[in-house]
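So the structure is just underneath, and the comments pick up after that.
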Amino acid sequence: MPLTAAEALASARTRFPVLAGLPPDLAARLERDARVMEVPAGARLFDERTPCGAFPFVIRGRVKVAKLAPSGREIVLYRVEPGQSCLITSSCLLARRDYSATGIAETDVALVAMPRELFDALMAGSPAFRDYVHSLFADRIGELMALVEEVAFRRLDQRLAALLLARGPVIAARHQDLAEELGSVREIVSRLLGDFEDRGLVTLGRGRVELKDRAALEALAAGR
C-alpha cells in the first residue's frame, strides 16, 4: 500500500528526531511542502551532472551512491539506509552544484523529499537541523576516507576477503555484484574467487558464495 503524506511524515519524524523538534513555522512548512516519493528497486534517484532540487529522508529501503565510469565499472561510495541522509545531496544543495555521483535504489525505497527552499530555511532557522547536516558530513567523510584507504593501500584479494566476511556466511550475489562493490571488474573477481575455492576458503554456486574457512579469510583480510 502506498504511504500517505501523514504516514510518511510521521515515520520521518520517528527516524529523524531533528524533524520532530523544528520551530512551529518550519514544522508547518515541512507539512505543506515536503513530498513523499516511492520508487522501485533498480530506479535511479539521481544521476551525475544533474541538478539537485531536494534533500531526502529515507524511511524505507536502501539507496546505493556510486561513481560510474564510461566503461560501466562502478565503485560504491556509501549506502543510505532508513534514518540516514545523503552526503552528496547536502553538499550539492549547499554549493548549488549538480550531483557528482549516481544514486540507485537497491530495494524498493520510500523517502520524504524536502525542497531546496525549505532546506535553506532550515539551515538558516534551525540550529539543530544545521548541526544534523554538519554531523552528516563528519560521519560520511569518515566512511569515504576509509574507502580511499582501502582502495589505495589494500590488495584486491584482501578487500574481497573482508567483503565476504562482512556479508557472510552465505552471500547471495553475482561475481559482477561483488566486483562493483569493490570497484573492480568481474573477470578479476571471478579469478580470485576461483583461487579462494581452490584453497578451501569458500564454496561457489550460482549467484552464491559460502564461506568455508573464516579464520583463513580473516588472516588474508588482515594481510597476514
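The values are calculated or read from the model by the stated rules, or taken from the named source; none is laboratory data. Quick caveat, the model's predicted, so the values are computed rather than measured. Positions of Cβ are backbone-derived with ideal geometry, glycine not excepted, and every protein chain shown enters the neighbour counts. Just the protein is used for accessible areas: all its heavy atoms, side chains included, with ligands, DNA and RNA removed. Shrake-Rupley method; radii C 1.70, N 1.55, O 1.52, S 1.80 Å.
Heavy-atom accessible surface of the chain, averaged per residue, reaches 51 Å², computed with a 1.4 Å probe.
Just to confirm my numbers, what's the Cα centroid distance between region 12-75 and region 153-201 in Å? Centre-to-centre distance over Cα atoms comes out at 30 Å.
Residues whose amide H falls under 5 Å from that of Gln84, counting only those 5 or more places apart or on a different chain, are Val58, with hydrogens built in the peptide plane. Protection proxy ranking of 78-85, 198-205, by the mean of other Cβ atoms within 10 Å over each peptide's residues and highest first, is 78-85, 198-205.
Only Lys, Arg, Asp and Glu carry charge here, each on its Cβ (+1 for the first two, -1 for the last two); on that basis the chain has a dipole of about 140 debye about its Cα centre. Taking all protein chains as they are arranged and a probe of 1.4 Å, the heavy atoms of Glu197 leave approximately 70 Å² accessible to solvent. This structure gives Cα extents along the principal axes in Å, computed directly, and of (1) 64, 37, 33; (2) 95, 41, 23; (3) 63, 49, 43 that value is listed as (1).
On the protein heavy atoms, probe 1.4 angstrom, tell me the percent of accessible surface of the chain carried by carbon and sulfur. Please list the in-between numbers first.
Details: 6100 of 11380 Å².
Here carbon and sulfur together make up 54 percent of the probe-accessible area.
Ranked from largest, the principal axis spans of the Cα set of region 1-100 equal 48, 34, 18 Å.
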